[in-house]
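Contents: one structure, followed by commentary.
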Amino acid sequence: LGANMQLLKITAALGTVTVLLSGCGGGTTTTTTMPKACKPMTDTDECFKAKGPGTKPDAQSCKALGPIGCGGANCTLMGDAGSKTAHCMSCAECKSMTETDPCFNAKGPGSKPTAQMCKDLGAIGCWGANCTLMGDAGSKSAHCMSPMAPPTTTTTTTTSTKSRRRRSLPVSTECKPMTETDPCFKAKGPGMKPNAHICTDLGAIGCGGVNCMLMGDAGSDEALCMSPLPMSAMVYM
């Protein structure tokens, strides 16, 4: 076939979407991979790997492992302390804006945090993520939170000339605008009568870390804040 013919190959595997274009010249390979699901008491659970059956841990030795468990959770003891069957395992799954969320625990409603205060907490959130602000900075309802979904991991490599060019784009269906997974919508939903400025002041808390936007007539009962609707995920060259 001719050298100018393009071959489009879309492969969905392990949460990765790859677009393959062949042709002349050098190329860049970018791969985005969703994190492998972590399940307590399996080889994906760092707590279980660190102190499994036969290591005879107690509650203190599990706690001392720190937040290495699934979703950044602390480790807890399973079984009789010091016994052959005793082992450490991840605590309950870390979920944003619950008692399992370290960001939410550190600066919950009533603590009146700002975006900077949440950021200063560091990467203590679920999946080792940084904390973000939910709500109006300094208000009673303002609080810090972990992202609603685990972040993707992107790696980029450069291939030699006359090679194939690959581009991969993140695939995430976790956060959807105008649903309970949308932090903008949860912060200022219907009935809260926001305007465009109020939505903007929420900061970059929307799906994918974007700024919130106004939907509806400002100040009306139907007005709400939301994450922008996503554009096409594929880019063709």
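The values are calculated or read from the model by the stated rules, or taken from the named source; none is laboratory data. Keep in mind that this is a model prediction, so the values were computed, not measured. Every residue, glycine as well, gets a Cβ built from its backbone with ideal geometry; the counts of neighbours run over all protein chains shown. These area figures cover heavy atoms from the full protein model, side chains too; ligands, DNA and RNA do not enter into them. Shrake-Rupley method; radii C 1.70, N 1.55, O 1.52, S 1.80 Å.
Scanning segment 199-224 for residues that are farther than 18 Å from GLY138 by Cβ and open to solvent by less than 20 Å² (accessible area, probe 1.4 Å) yields GLY206, ALA223, LEU224. Within segment 39-53, being open to solvent by less than 50 Å² (accessible area, probe 1.4 Å) and part of a loop (DSSP other than H, G, I, E, B) holds for THR42, THR44, ASP45, GLY52. Selection within segment 152-171: residues that are open to solvent by less than 70 Å² (accessible area, probe 1.4 Å) and under 21 Å from the mean Cα position of the chain (by Cα). The member of this set that is modelled with the highest pLDDT is THR152. Given the condition in contact with a strand residue (DSSP E or B) (Cβ under 6 Å, 6 or more places away or on another chain) and at pLDDT below 85, answer yes or no: does some residue in segment 185-196 qualify? No, the conditions are met nowhere in segment 185-196.
For the condition of a type in the set (Lys, Arg) and farther than 13 Å from PHE48 by Cα, what is the one hit in LYS119, LYS63?
Matching residue, one of LYS119, LYS63: LYS119.
If the condition is being surrounded by fewer than 23 Cβ atoms within 10 Å (Cβ to Cβ) and in a helix (DSSP H, G or I), then segment 57-91 contributes ALA59, GLN60, SER61, LYS63. A single entry from GLY71, GLY54, GLY82, GLY27 fulfils the requirement of being of a type outside the set (Lys, Arg) and modelled with pLDDT under 60: GLY27. Taken over segment 92-135, the residue count meeting the criterion of being assigned to a helix (DSSP H, G or I), of a type in the set (Gly, Ala, Ser) and more than 22 Å from CYS207 (Cβ to Cβ) is 1.
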